[in-house]
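The values are calculated or read from the model by the stated rules, or taken from the named source; none is laboratory data. All values derive from a computational prediction rather than experimental measurement. With ideal geometry, Cβ positions are generated from the backbone for all residues, glycine too; neighbour counts draw on all protein chains shown. These area figures cover heavy atoms from the full protein model, side chains too; ligands, DNA and RNA do not enter into them. Shrake-Rupley method; radii C 1.70, N 1.55, O 1.52, S 1.80 Å.
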Amino acid sequence: MQWETVIGLEIHAQLATNTKIFSGSSTTFGAEPNTQASLIDLAMPGTLPVLNEEAVRMACMFGLAVDAHIAEHNIFARKNYFYPDLPKGYQTSQMDDPIVGLGHLDIALEDGSIKRVGITRAHLEEDAGKSLHEDFSGMTGIDLNRAGTPLLEIVSEPELSNAKEAVAYAKAIHTLVRYLNICDGNMAEGSFRCDCNVSVRPKGQTTLGTRTEIKNVNSFRFIERSINHEIQRQIELIEDGGKVTQETRLYDPNKDETRSMRSKEEANDYRYFPCPDLLPVHIPRDMLENLRTQLPELPTQKRERFEAAFGLSTYDASVLSASREMADYFEVVEKICQDAKLATNWVMGELSSLLNKENLDISQSPVSAEHLGGMLLRIKDNTISGKIAKMVFEAMAAGEGDADQIIEQRGLKQVTDSGAIEAMLDEVLAANAEQVEQYRVSDENKRGKMFGFFVGQAMRASKGKANPQQVNELLKQKLDQ
Amino acid sequence: MALERCDVEKLAHLARLGLNDAQIGSSTASLNAVLDMINAMQAVNTDGIAPLANPLEASQRLRPDTVTESNHRDDYQALAPAVENGLYLVPKVID
């Protein structure tokens, strides 16, 4: 049987506020346990929540960026469940009237095509604390520093049809929230995590199959692997005559499998009701219009501009616009060297592999955009060849200065004086007289490889500094004499 | 719709309330009285009336995003039955 997959993602983005959503406690990561848990966060009787205006602003920015409906009023609700890292016995969240309504986001797929993914809603809620299950004499330790940290839960429509698309969508949201400066996107610290809803159905069937939810996946690689594993598990289960149960599952990266967490049936009985402690939140229309003017150039707009202005492919343009820092870096390099293709090749090639190797972010790049742009100028004006440029790049990465200083200090300036090149070529040919004879009596199809030999000898003799094009031309003339 | 004893038992479990047999009986009766009242209210025509989230004609006041709380962990933990290394200790929970 042919199967098709339906995936929807729920992404929790931790909003980059200074304080919690309902209290004035700091949200700084990594503080000593419970030093950032105030009476409100501890749910002491008599305390009341007061909503953080910055969390509201950030949610609205997201809504505007995904072209969503933002209603004049949104309402907080209580989601009731019992767990010790949730001191109130309910999570303050939003149910019927979320702050951000239906919107959409265009994502670039690997084949270069664009897919529009619906965003059902995005709502504000508070995070829970952390349970530590190490041995405290048979007890569980609770750290409530994270309790009350503002989250934006972004829910997609079930419109993603495989794991790769799900990852592309998650990355696009990740890029977007960082462009908007509303979330630091740090997945290792849990600032951006993902629940994946996965179901399968026979190809052509219109009703959805029973779905399972993989909870709290915290890397793009694990999103892809856990979804692929879950698709396989569901298909095998159904083909063996079984039935998928609606449940929450956890992905275990060590075993590369998902396993059941708890029966969703009971846990899902959240008994939502409007929170009487919080009034409806009013979003004034003029505030929205004002925020709209503060939106930065968004990743999709930037990608489209890179394609149109620089003639880049959709893929190259989406890699270069994947983060604001990357895009800014590229634009500085391009502006200096005035050659988008060359800038693209170097930023996506040598620079990216250097950053990967050193495990650095572009903002920590040992080679500044100004230095890279300056070096590319020297390729363009024939001061150095592409090959020598790699040496110069390494030297810049090692902190030896800018391209001009390195070229000067190391004497790497390309030789373009044709007289000098000719004299050097004469020596090379004289030293390889036998090969020259062979070349001259060979037929055309064998000459290519032999010609390469002479080029190699010539470049070696010049220590790579002779202009390769001139070497090629002059060598051809001399051999054909 | 009337609540059965088993519904109340389930709700009590979800809310982690330890009700004894007599309390389950009386809770079932009083919750059903509330439901009866809600049933009576269903008769009111509410066409065109927006659902009410809060009876106050006001909207939520917002707070500037500034840290106003300081660390009082020692004071708060003095009230807790068990603490260790700054953590509140609770009976073991495994998810």
### Query
When A:C183 is evaluated against the numbered criteria (1) more than 14 Å from chain B (Cβ to nearest Cβ); (2) in a loop (DSSP other than H, G, I, E, B); (3) in contact (Cβ under 8 Å) with a residue 60 or more places away in the chain; (4) surrounded by fewer than 21 Cβ atoms within 10 Å (Cβ to Cβ), which criterion, by number, is the only one it fails?
(4)
#### Entry: Scope the stretch A:113-155; condition among the polar types (S, T, N, Q) and within 22 Å of A:K203 (Cβ to Cβ); matching residues
A:S113
### Message
Give all pairs with beta carbons closer than 7 Å in which a residue from the stretch A:66-92 that is at the interface with chain B (Cβ under 9 Å from one of its Cβ atoms) and in a strand (DSSP E or B) meets a residue that is hydrophobic (A, V, I, L, M, F, W, C) and crowded, with 20+ Cβ neighbours inside 10 Å; count only pairs at least 6 apart in sequence or on separate chains.
### Response
A:H73/A:V281; A:A77/A:C275
### Task
Go through B:E57, B:E4 for me and flag whichever is under 30 Å from A:H282 (Cα atoms) and among the charged types (D, E, K, R).
B:E57
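Which one of A:R259, A:R193, A:R221, A:R201 is among the basic types (K, R) and assigned to a helix (DSSP H, G or I)?
Among A:R259, A:R193, A:R221, A:R201, only A:R221 is among the basic types (K, R) and assigned to a helix (DSSP H, G or I).
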## Note on the structure
Scanning the stretch A:81-111 residue by residue, those open to solvent by 20 Å² or more (accessible area, probe 1.4 Å) and under 24 Å from A:P284 (Cα atoms) turn out to be A:M95, A:D96, A:D97, A:P98, A:L102, A:H104
#### Entry: Complete set of residues in the stretch A:9-60 that are outside any loop (DSSP other than H, G, I, E, B), open to solvent by 10 Å² or more (accessible area, probe 1.4 Å) and either within 8 Å of chain B (Cβ to nearest Cβ) or of a type outside the set (K, R) (or both)
A:E10, A:H12, A:Q14, A:S26, A:E53, A:E54
#### Entry: Long-range neighbours under 8 Å by Cβ, at least six apart or interchain, first residue at the interface with chain B (Cβ under 10 Å from one of its Cβ atoms) and within 18 Å of A:I75 (Cα to Cα) within the stretch A:276-289, second surrounded by 15 or more Cβ atoms within 10 Å (Cβ to Cβ) and among the charged types (D, E, K, R)
A:P280/A:D97
### Task
Please work out which residue is farthest from A:G464 (Cα to Cα), limiting yourself to the stretch A:358-404 and to residues that are outside any helix (DSSP H, G or I) and among the hydrophobic types (A, V, I, L, M, F, W, C).
A:L360
### Message
Can you confirm whether A:R271 is assigned to a helix (DSSP H, G or I) and surrounded by 12 or more Cβ atoms within 10 Å (Cβ to Cβ)?
### Response
no
### Looking only at the stretch A:432-477, and only at residues there that are modelled with pLDDT of 85 or more and of a type in the set (V, I, T), the one that is nearest to A:L412 (Cα to Cα)
A:V471
### Qualifying residue in the stretch B:71-82 (condition: of a type in the set (A, V, I, L, M, F, W, C), more than 7 Å from every other protein chain (Cβ to nearest Cβ), more than 23 Å from the chain's Cα centre (by Cα) and under 23 Å from A:S23 (Cβ atoms))
yes
